[in-house]
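Asker: I have a structure I would like to understand better, so I am pasting it below and will then ask my questions one at a time.
The values are calculated or read from the model by the stated rules, or taken from the named source; none is laboratory data. Please read all numbers here as calculations on a predicted model, not as lab measurements. Note: ideal-geometry Cβ built from the backbone for every residue, glycine included; neighbour counts use all protein chains shown. Calculation scope for accessible area: heavy atoms of the full protein, side chains included, ligands and nucleic acids excluded. Shrake-Rupley method; radii C 1.70, N 1.55, O 1.52, S 1.80 Å.
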Amino acid sequence: MWESIKHHVSRFRLISTMKTMYKLLNAVAIALSVVGHAAAGVFLTNRWLVGLEVRRYKQLILAGNLALWPVAGLIGALWGGWSSFLTSVLRPFLRGRLWRLAFVVLGGRYLAQEAYRRVRPASPPHEVLSTRVEDADLTTEVFLAESSHSLFMQLAEQGINHLFKLQIVTHTLKLDCLPHEFDGFTIVQLTDIHYGDFTSTEFVRRVVELTVSMKPDLVVLTGDYQTYERDVEAAARLLAPLGEWSGRGGGNRTLAVLGNHDRFNESPAHVTDALRRAGIRVLNNEHVELRKGDSSLYIVGVADPWSLRANLDIAMLGIPLGSCAILLAHVPDYLVTASTYPLALQLSGHNHGGQIKLPILGHVVVSSRYNRRYVEGFHKMNGTLMYASNGLGGHPPIRWGARPEIARIVVRG
């Protein structure tokens, strides 16, 4: 009798354990499906929607699309019965739910890819000799100077928004083509200020002040100085000290190119003129020759690639074969084109380092047709090295896990 009781108890425990395991696996499958839907939404947003022209409801469209996909995944799991989701995944052909299996697999792949990136991050190209990061958090200074604080700024004060947690990132690079006269040449890159509503005048002022205090050989600005056209003049005035500094050194020490937010109504004339009046030269499919002794370094600038007006054939016209040339292009994606030309280095911004970088899911929105491939840092194609800076501002004005930066590039021969 006791043996029979023990048998039934053991069987009950086994069945109970199996049911618990099934429920757990069912919950995991649902979670993977939701992640898979979210990954698909992020991909489609990055590939097709981020490139929409700036319009009144663009941010709402982006947020709506990002939210719709995971919600659709959750509704899909509930629709067919929450408790039987795993069964439908394991028998997709029988139940006609192959799409469920596809999204579960996609979610698993996404999480596995993120885990692999964290465990085995990609090594920087061999041209990157060293990288040093300095903390230059300006949150306290901004709040002491600003009289009015928006919700985004209040979140920054509480440490939730990293919008003013500036860092100075110094990269030392080896460029084989660099003439020895330019060995140690220092470039400071500022990009994606996005000055306007909800941003800080004091933050931009201090960034410009820090840049001048570094005493670089060259300052390059790689686009998106404001978010909306009404702020063009104010943004240019904040950048004017760089123009004055450039003029004191004989000119051409501060060079700029335009970004997608600088070409409203397909006309970049206003931004170009405002920067010119501030003493900053804008390179629109052209180049500047910098000379030291008998040697030259060429800085090439193209129109915003998203405008489809970037033209390297025109920009590089007249540069002697075998020369060392550095390209300024707002969009990192342009590396695909730039790598077919004799360019040693491309400096870009645009992606804001992903702007929001979640602990498990990684970068959320990246303004790139290649999704997250060129979200930040160094990349190389053929013989061209490209650096995508995190930039300074945010659109919308919030950052988390992707701190704003001043990028300082020291090139060695």
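Asker: Taking Ser88 as the residue in question, decide whether it is at pLDDT 85 or above, more than 30 Å from Val375 (Cα to Cα), touching a Gly at 6+ places or on another chain (Cβ under 8 Å) and surrounded by 10 or more Cβ atoms within 10 Å (Cβ to Cβ).
Answerer: Criteria met by Ser88.
Asker: Right, another one. Mind checking which residues of the stretch 124-166 are open to solvent by 60 Å² or more (accessible area, probe 1.4 Å), closer than 21 Å to Ile193 by Cβ, among the aliphatic types (A, V, I, L, M) and at pLDDT 90 or above?
Answerer: Scanning the stretch 124-166 gives a single hit, Val133.
Yes/no matrix, rows are residues, columns are (1) more than 30 Å from Arg109 (Cα to Cα); (2) without any contact (Cβ under 8 Å) to a residue 40 or more places away in the chain:
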{"position": "Arg309", "(1), (2)": "yes, yes"}
{"position": "His330", "(1), (2)": "yes, no"}
{"position": "Ala338", "(1), (2)": "yes, no"}
{"position": "Ala344", "(1), (2)": "yes, no"}
{"position": "Ile356", "(1), (2)": "no, no"}
{"position": "His363", "(1), (2)": "no, yes"}
{"position": "Val366", "(1), (2)": "no, no"}
{"position": "Tyr370", "(1), (2)": "no, yes"}
{"position": "Lys380", "(1), (2)": "no, no"}
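Asker: Report whether or not Gly251 is part of a helix (DSSP H, G or I) and of a type outside the set (Val, Ile, Thr).
Answerer: It is false that Gly251 is part of a helix (DSSP H, G or I) and of a type outside the set (Val, Ile, Thr).
Asker: Could you figure out which of (1) within 15 Å of Gly223 (Cβ to Cβ); (2) modelled with pLDDT under 90; (3) in contact with a Gly (Cβ under 9 Å, 6 or more places away or on another chain); (4) surrounded by fewer than 21 Cβ atoms within 10 Å (Cβ to Cβ) isn't true of Ser307?
Answerer: The single condition Ser307 does not satisfy is (3).
Asker: Could I ask something else about it? On the basis of being under 23 Å from the mean Cα position of the chain (by Cα), modelled with pLDDT under 95 and surrounded by fewer than 24 Cβ atoms within 10 Å (Cβ to Cβ), does Asp294 make the cut?
Answerer: It is false that Asp294 is under 23 Å from the mean Cα position of the chain (by Cα), modelled with pLDDT under 95 and surrounded by fewer than 24 Cβ atoms within 10 Å (Cβ to Cβ).
Asker: Let me ask another. For the stretch 167-206, name all the residues that are open to solvent by less than 10 Å² (accessible area, probe 1.4 Å), β-branched (Val, Ile, Thr) and part of a loop (DSSP other than H, G, I, E, B).
Answerer: Thr191
Asker: Let me ask something else. Considering only the stretch 246-273, how many residues are open to solvent by less than 40 Å² (accessible area, probe 1.4 Å), out of contact with any Pro (no Cβ under 8 Å at 6 or more places or on another chain) and modelled with pLDDT under 95?
Answerer: Final tally of qualifying residues: 9.
Asker: Could I ask something else about it? Give just the number: which of (1) within 21 Å of the chain's Cα centre (by Cα); (2) modelled with pLDDT under 90; (3) surrounded by fewer than 15 Cβ atoms within 10 Å (Cβ to Cβ) does Leu111 not satisfy?
Answerer: Answer for Leu111: the failing condition is (3).
Asker: Looking at (1) touching a Pro at 6+ places or on another chain (Cβ under 8 Å); (2) among the hydrophobic types (A, V, I, L, M, F, W, C); (3) under 30 Å from Ile61 (Cα atoms), which is the only condition Leu321 fails?
Answerer: (3)
Asker: Does Arg372 satisfy the condition of being under 26 Å from Val35 (Cβ atoms) and either within 20 Å of the chain's Cα centre (by Cα) or at pLDDT 95 or above (or both)? Don't jump to the end; show me each part of the working.
Answerer: Working: under 26 Å from Val35 (Cβ atoms): yes; either within 20 Å of the chain's Cα centre (by Cα) or at pLDDT 95 or above (or both): yes.
It is true that Arg372 is under 26 Å from Val35 (Cβ atoms) and either within 20 Å of the chain's Cα centre (by Cα) or at pLDDT 95 or above (or both).
Asker: Suppose we filter the stretch 375-413 for residues that are at positive phi and either buried (at least 21 other Cβ atoms within 10 Å of the Cβ) or over 10 Å from the mean Cα position of the chain (by Cα) (or both); how many remain?
Answerer: 3
Asker: Let me ask something else. Counting only residues that are among the hydroxyl-bearing types (Ser, Thr, Tyr) and touching a residue at least 24 places away in the same chain (Cβ under 8 Å), which one in the stretch 207-233 is most open to solvent (accessible area, probe 1.4 Å)?
Answerer: Checked the stretch 207-233; the qualifying residue most open to solvent (accessible area, probe 1.4 Å) is Tyr228.
Asker: Quick one: how many residues across the stretch 328-344 are buried (at least 21 other Cβ atoms within 10 Å of the Cβ) and in a helix (DSSP H, G or I)?
Answerer: Looking only at that region, the number is 5.
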